Structures are given as structure tokens and as C-alpha cells.
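Before any comments, here is the structure.
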Amino acid sequence: MSQIETVAKSQDLMAEGIAFVDGDYMPIAEARIPITDWGFLHSDVTYDVVAVWGGGFFRLAEHFDRFFRGIGKLQMQSPYKRDEMATILAKCVRRTGLREAYVKVMLTRGTPPPGSRDPRACENRFYAFAIPYVWIASPEKQDQGLHLTISSIPRISPESVDPTVKNFHWGDMVQGLFEAYDRGRETPVLTDGKGNITEGPGFNLFANIGGRLITPASGVLLGITRMTVIELAQSLNVKVDVGILTEAELRQADEIFLTSTAGGVIPVTCLDDDPIGDGAPGPLTQRLRQMYWDAHDDDKYVTRIDYD
């Protein structure tokens, strides 16, 4: 292989993603974790995902707030401070050259000393990576709207696994996805098992009912995109209720949309066998979707990355 080919291959590998593991930066394809890490064996881990759009992190401070809150709730200790972590993430993105990226940070319990089952004896481990931006649904698909189903699989109880601590306990979500696919739908939303809506795989949910937005308060991650949409809606003088949303109420909604770092404001145009409204993305959904992406040019929300 010539030197030019070698350089080109290296650049291709970097564009696929860069990981930070044990203090080193490496192509994402080469990243590994110990098989004995309890993050893998026990799902004893918390993580967060921040988007890079147009060369800047969107609401990085709020993502760090949530990440460090989760670390505290799991009684872990981060080996890096916030500013050090921000530098690591910026270096990951800069080495990929990506202007739109999906950036994940993780803190695992780590591996205990031989023979020990005491989580206090583990040395917590930090990992991070940046890869090309990930969409739950592409912009083209969002223009049409998603086909949602209400899953029969109940969400893991928040008394068992705190959903405000971002985690890898996705057994319920994965089964919900298979159920949705079997029904010919694109994604599910789960209930609490008592007829109240919670969240879906990687997203929060909003329903517009008579000009009032409702988003579930319990059994859900406190999404950063969710937070942003609440702020944007309130700036339009739209009343937002963070509370109980029943399955029956959702089926009567004028508009439904999902919110996620991996896609922003995502319209839903069909719920099981029934169209939502006139079967097209609703006007409030479209307004908030545009405002959300416009906010990515607002320095109030954006931490710019120095690519030089």
C-alpha cells in the first residue's frame, strides 16, 4: 500500500469515529473494553449523548449536568472533571473532522479485585466516542411522520431502575421494538403497566391535546431535547403540562411528536391503526421542529469546537 493510500485509509477510519479509552484516542473500530467490566456484565453504567451540529456541541452543559447527576446517584466517581471531559470530547470530534456527530460519554463500575463482589472496590472507568450523527428517523422520514404503536410491554418500574439516570437497561425497549416491527409499525411507546404513557426507545413523547402540550412526568428520562422543546413551547405561550398522559388521552391527541438528541422533534402521523389529525405532521409540531433546529445556531445553546 502506498503512503497516499495509507493516509487515505487512516482518514477514512477517523471519519468513521474516534474513541477515548484508557487515556488514548483510537479509531472507533479498534475500541475495546474489558470483558469483566461490570458495565458490560451487570449493565452497571451511566452514559449521556450530546449532539454536534454545524461544528458545535448543543447544550453541552446540560448534558454534563445530567451525566454527573447520574454518576452521583450510582455512587460512582468520575476520573475527569467537567472541563477535562469537554476537552476529551472536543478532541474526539476534531480528530474525526465531523461537523455533525453523535458523541457518547460512559462511566462504568469497572472491574473489582479478584474474588470480590463489592461494588465499592471497583475502579470506575470512563469511555467516550464520536461517530457520525445518528438519526432515529431521517429528515425525509420526519417529513412524512412516524407510525407509532403503544406497546403491551410495560416500562421497567422507576422504583427498580431510575429512568432519570441514563442507563443500558433496554430489555423492555428491545422487546417493544420487536413487537412494533411485528405489527408493521416503526417504533413503540411503553406504558407503566397501568395505562399511563412513559417513553420509547431513545425518546420522550409529547401530545398536543386542544392546544395544550402534555409530556409524561414519571417513568421517563429527563431529556435535554424535551427540556428544550418545553422552553420553546413556553416562548410561544403554549401551555405545557408535565404530568400524567393516559393511553386513552394519547389516542385522542391532535398531534403527537417524539423528542430525542438523535433526531430532534420527530412527528408521529399514525398511532396503531389510526391517523393523527389529518395524517400529516401538525402545525405546532412543525413550528417546534423548525425552532429546535434554529436553536443550533444560537450561541446561547452551542459550544463551538476549534477544528484547527
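Is at least one residue of segment 97-117 closer than 25 Å to Val165 by Cα, within 22 Å of the chain's Cα centre (by Cα), surrounded by fewer than 21 Cβ atoms within 10 Å (Cβ to Cβ) and of a type in the set (Ser, Thr, Tyr)? For segment 97-117, residues closer than 25 Å to Val165 by Cα, within 22 Å of the chain's Cα centre (by Cα), surrounded by fewer than 21 Cβ atoms within 10 Å (Cβ to Cβ) and of a type in the set (Ser, Thr, Tyr): present. Residues in segment 100-137 that are without any contact (Cβ under 8 Å) to a residue 24 or more places away in the chain and either at positive phi or outside the structural domain of His42 (by TED's automatic domain parsing) (or both): Gly115 alone.
One residue alone among Leu205, Leu213 is in contact (Cβ under 8 Å) with a residue 40 or more places away in the chain and within 26 Å of Lys104 (Cβ to Cβ), and that residue is Leu205. Entry remark, segment 199-229: residues being buried (at least 21 other Cβ atoms within 10 Å of the Cβ), among the polar types (S, T, N, Q) and not in a helix (DSSP H, G or I) number 3 in total.
Filter segment 180-200 down to residues that are of a type in the set (S, T, N, Q) and under 18 Å from the mean Cα position of the chain (by Cα), then give me how many there are.
Residues of segment 180-200 that are of a type in the set (S, T, N, Q), as a first pass: 187, 191, 196, 198.
Pick out the ones that are also under 18 Å from the mean Cα position of the chain (by Cα) and you get 187, 198.
Result for segment 180-200: 2.
When the criteria are applied in full, Asp83 meets the requirement of being of a type in the set (Asp, Glu), farther than 30 Å from Thr269 by Cβ and assigned to a helix (DSSP H, G or I).
Exactly one residue among Gly193, Gly176 is assigned to a loop (DSSP other than H, G, I, E, B) and at pLDDT 95 or above, and that residue is Gly193.
Of all residues in segment 46-68, those satisfying the criterion of being in a strand (DSSP E or B) and closer than 16 Å to Ser260 by Cα are Tyr47, Asp48, Val49, Val50, Ala51, Val52, Trp53, Phe57, Phe58. Every condition in (1) surrounded by fewer than 16 Cβ atoms within 10 Å (Cβ to Cβ); (2) closer than 30 Å to Asp308 by Cβ; (3) in contact with a helix residue (DSSP H, G or I) (Cβ under 9 Å, 6 or more places away or on another chain) is met by Phe67 except one, and the failing one is (1). Scanning segment 263-278 for residues that are surrounded by fewer than 17 Cβ atoms within 10 Å (Cβ to Cβ) and either touching a residue at least 40 places away in the same chain (Cβ under 8 Å) or under 24 Å from Asp48 (Cα atoms) (or both) yields a single hit, Asp272.
Would you pick out the residues in segment 29-41 that are in a helix (DSSP H, G or I) and buried (at least 17 other Cβ atoms within 10 Å of the Cβ)? If you could, list the steps in order and put the result at the bottom.
Going residue by residue through segment 29-41, those that are in a helix (DSSP H, G or I) are 29-30, 38-41.
Once the filter is applied, which keeps residues that are in a helix (DSSP H, G or I) and buried (at least 17 other Cβ atoms within 10 Å of the Cβ), segment 29-41 yields Trp38, Gly39.
Of all the listed residues (Ala233, Ala248, Ala253), the sole one being more than 22 Å from Gly184 (Cβ to Cβ), at pLDDT 95 or above, crowded, with 18+ Cβ neighbours inside 10 Å and among the small types (Gly, Ala, Ser) is Ala233.
Would you pick out the residues in segment 137-157 that are over 20 Å from Thr225 (Cβ atoms) and assigned to a loop (DSSP other than H, G, I, E, B)? Answer for segment 137-157, where residues must be over 20 Å from Thr225 (Cβ atoms) and assigned to a loop (DSSP other than H, G, I, E, B): Ile156, Ser157.
Within segment 126-134, is there a residue that is within 15 Å of the chain's Cα centre (by Cα), outside any strand (DSSP E or B) and surrounded by 14 or more Cβ atoms within 10 Å (Cβ to Cβ)? Full working, then the answer.
Of the residues in segment 126-134, the ones within 15 Å of the chain's Cα centre (by Cα) are 128-134.
Next, only the ones that are outside any strand (DSSP E or B) stay: 133-134.
Next, only the ones that are surrounded by 14 or more Cβ atoms within 10 Å (Cβ to Cβ) stay: 133-134.
Yes.
On inspection, Tyr307 does not qualify as within 18 Å of Tyr133 (Cβ to Cβ), touching a strand residue (DSSP E or B) at 6+ places or on another chain (Cβ under 7 Å) and in contact (Cβ under 8 Å) with a residue 12 or more places away in the chain.
In segment 158-202, what count of residues is obtained for those that are among the acidic types (Asp, Glu) and either touching a residue at least 40 places away in the same chain (Cβ under 8 Å) or not assigned by TED's automatic domain parsing to the domain that holds Ala262 (or both)?
So the first thing to find is which residues in segment 158-202 are among the acidic types (Asp, Glu), and the list is 159, 162, 172, 179, 182, 186, 192, 199.
Still in the running and either touching a residue at least 40 places away in the same chain (Cβ under 8 Å) or not assigned by TED's automatic domain parsing to the domain that holds Ala262 (or both): 162, 186, 199.
Count: 3.
The values are calculated or read from the model by the stated rules, or taken from the named source; none is laboratory data. Just so it is clear, the structure is predicted and the values come from calculations on it, not from any experiment. All Cβ positions, even for glycine, are placed from backbone atoms using ideal geometry, and neighbour counts span all protein chains on display.
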